[in-house]
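Accompanying notes for the structure given below.
The values are calculated or read from the model by the stated rules, or taken from the named source; none is laboratory data. A quick note: this is a predicted structure, and the numbers were derived from the prediction, not measured. No Cβ is skipped: glycine too gets one built from the backbone with ideal geometry, and neighbour counts run over all protein chains shown.
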Amino acid sequence: MRKVYYGFTVVQLVTVLALFYLVTFGAFERPAPLPGTEGALIDYHIMVGEMVVPLLSLLTTIVAAIARAGARLVTLSITPFALVAVQLFVIFSLAEMAGHTDERSTTGGLIVLGFHSLVGVTILGVAAVLVHRARALAKGAVRATPSAVHA
């Protein structure tokens, strides 16, 4: 089951990398349509970021628990889900409170939205660490839980 967990972490990392690739579709599309507009290429980034990454994070967490990967890896596995929630419910809400809309930018909104990329890089880092640790766990290089020491 630990190899399955490793496989899930690899799929999650590849998905996060695809998310970074897909954002360029929206960033460089000209003329730049608003998200949600028919044919807007940024919608692929939005779909993967809002649905696929959180779903994979939840599934990876479940597999980590079944594989008895240990509390630290289970917690780390749910971290991308939590970070996506921060993106959706904190960063975008704060940008809106700072006056940013789809039709108009504000300096405050753009400052807040800069954190969108930083949280995205954090998600990428977590996904990479998960792959590394899950690989070590699958190969038996580390134990999931420390053994109890009997006196």
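Scanning the stretch 1-22 for residues being within 17 Å of Gly120 (Cα to Cα) and either without any contact (Cβ under 8 Å) to a residue 40 or more places away in the chain or in contact with a Pro (Cβ under 8 Å, 6 or more places away or on another chain) (or both) gives a total of 6. Being in contact (Cβ under 8 Å) with a residue 60 or more places away in the chain and either more than 20 Å from Arg72 (Cα to Cα) or loosely packed, with under 12 Cβ neighbours inside 10 Å (or both) is the filter here, so list the residues in the stretch 111-132 that pass it. Scanning the stretch 111-132 gives a single hit, Gly120.
If I filter the stretch 26-54 down to residues being touching an Asp or Glu at 6+ places or on another chain (Cβ under 9 Å) and part of a helix (DSSP H, G or I), which single residue comes out as modelled with the lowest pLDDT? The extreme case among them is Gly26. Every test in (1) modelled with pLDDT of 90 or more; (2) not in a helix (DSSP H, G or I) is passed by Gln12 save one, and that test is (2).
Looking at Arg68, Arg30, just one residue is without any contact (Cβ under 8 Å) to a residue 24 or more places away in the chain and of a type in the set (Lys, Arg), and that residue is Arg30.
Taking the stretch 1-15 as the range and being surrounded by fewer than 17 Cβ atoms within 10 Å (Cβ to Cβ) and either closer than 18 Å to Phe81 by Cβ or over 19 Å from the mean Cα position of the chain (by Cα) (or both) as the test, the residues that pass are Met1, Lys3, Val4, Val10, Val11, Val14.
The set of residues from the stretch 61-110 being surrounded by 14 or more Cβ atoms within 10 Å (Cβ to Cβ) and in contact with a Pro (Cβ under 8 Å, 6 or more places away or on another chain) comprises Pro80, Phe81, Val84.
Mind listing just one residue for me: the one in the stretch 16-40 that is of a type in the set (A, V, I, L, M) and within 22 Å of Arg104 (Cβ to Cβ) and, of those, surrounded by the fewest Cβ atoms within 10 Å (Cβ to Cβ)?
Quick first cut of the stretch 16-40, residues of a type in the set (A, V, I, L, M) only: 16-19, 22-23, 27, 32, 34, 40.
Now drop any that are not within 22 Å of Arg104 (Cβ to Cβ), which leaves 23, 27, 32, 34, 40.
On the way: Val23: 20, Ala27: 11, Ala32: 13, Leu34: 9, Ala40: 17.
Ranking the candidates gives Leu34 first.
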